[in-house]
Structure formats: C-alpha cells, structure tokens
Amino acid sequence: MDEPHWLDEQEQSAWRGYRQMRRLLDLELARELMRDAGLSEPDYDVLSDLSETPDQRLRLSELADRMLWSRSRLSHHLTRMQQRGLVTREECATDGRGAVVALTAEGRRAIEAAAPGHVAAVRRHFIDLLTPDEIVALDALAHRVVDHLTGPDDARR
C-alpha cells in the first residue's frame, strides 16, 4: 500500500479554512433566509430552480438530480412545500410514472420576496469580500472542481 500524500502546511491551512468558511457561510445564509423570508435553503433551491425554467415546472427526477437529493427525500420535502402552497405536483404528460413539480403563484411570490435579501446576504458575507481577480479565480476553480466531480467516473481515478 502506498504511503498517503499528506497535505503540506499551506495545503492543510487552505483546506481547513475552506471547510470552516463553507460551514459558517452556509449557516449564516440559512439563518438569514429563514429569519427574513421564512424559507429553508432547500425551499429556496426548489423555488429558484422552478422559477428559472420557462414554464416554471421540472420533472421531480430532474429537480432531485439538481439538488443532489434522492427522489424520496425530495418527495418528502415537496409534500411540506405543497402544504404551504408553494408548489404543486402534476402527472407527467409523457410518462405516467413520472411527476412534474410546478411553482404556484404563492411560490412565485415567496421567491420574488426572498431573492433580494438573499442576494444581499451573499454579497455581504462573500462576494463583496473578494477582489474582481479573486472572483475570476473562484469561478475557474469552482467550475474545475464541479467538472471533475460530475464528469466521467474514470476522470476521478
């Protein structure tokens, strides 16, 4: 068995800093979103994904894939959102076994009310702390990692 390629001091600092930053940032953004708009992060993700589609609908399976959730987990979450009047579920016209999630008028109002405050929080706690060059670097880095993790399985080996 090969000896692990341990992180050096700078790599360790960067990795631990990233993990701590991500936890703190996610926590703060979630707190503000709930306090200001009464939405959880998953609520916001569902509503924003639906609001960005031309007909404000997505197949449940596609929405689950976007959120990196199982269909079962998303289905349970959608039930709670339906009870609040934010989304509805419809039968899929092209596949009787599939379901389509649709944004309701109340869901549209909720995302439109939440988005300005959420964007302001993202700016305040993250974007505005970076220089333009750091934003360009972050964009490239984020896409490189996402492409690596979503690319062919053999690319990760």
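The values are calculated or read from the model by the stated rules, or taken from the named source; none is laboratory data. The structure presented is a predicted model; accordingly, all values stated were derived computationally and were not measured. Glycine also receives a Cβ, built like all others from the backbone with ideal geometry; neighbour counts cover every protein chain displayed. Surface areas here come from the heavy atoms of the whole protein model, side chains and all, with no ligands, DNA or RNA. Shrake-Rupley method; radii C 1.70, N 1.55, O 1.52, S 1.80 Å.
Numerical summary
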item	result
Positive minus negative residues near residue 110 (Lys, Arg vs Asp, Glu; Cβ under 14 Å)	-3
Peptides ranked, highest mean first, by Cβ atoms within 10 Å: ranges 1-7, 71-77, 126-132	71-77, 126-132, 1-7
Sites residue 141 and residue 9, calculated FRET efficiency, Cβ-Cβ separation with R0 22 Å, nearest 0.05	0.60
Built amide H within the under 5 Å cut-off of residue 59, gap 5+	101
Helix-derived mean residue ellipticity, 222 nm - over the chain, DSSP H n ≥ 4, -39500 (n - 2.57), to 500	-21500 deg cm²/dmol
Distance between the range 1-56 and the range 107-157 - C-alpha centres, whole angstrom	9 Å
Spin-label model distance (nm) - residue 53 vs residue 119, 7 Å beyond Cα toward Cβ	2.2 nm
Residue-wise HN-Hα coupling along the range 45-54, computed from phi with Karplus coefficients 6.51, -1.76, 1.60 (Hz; x: Gly, Pro)	4, 4, 5, 5, 4, 5, 5, 8, 8, x
Gaussian network model of the chain, springs between alpha carbon atoms under 10 Å - residue of 138, 39, 68 with greatest fluctuation	138
Gain on full stretching of the segment that runs from residue 68 to residue 84 - 0.36 nm per residue minus C-alpha separation	3.5 nm
Positive-end residue of 38, 150, 122, charge dipole of the chain with Cβ unit charges	38
Theoretical gain in end-to-end length, residue 76 to residue 133 [0.36 nm per residue, Cα-Cα removed]	16.4 nm
Fraction of accessible area attributable to carbon and sulfur, the chain (%, probe 1.4 Å)	54 percent
Within a Gaussian network of the chain (alpha carbon springs, distance under 10 Å), most fluctuating of 134, 106, 52	134
Peptide ranges 19-27, 54-62 listed from the most packed, as the mean C-beta count within 10 angstrom indicates	54-62, 19-27
Accessible surface, per residue, of the range 1-138 when the full set of protein chains is kept, probe 1.4 Å, Å²	68 Å²
Cβ-defined net charge surrounding residue 69, 15 Å radius [Lys, Arg +1; Asp, Glu -1]	-1
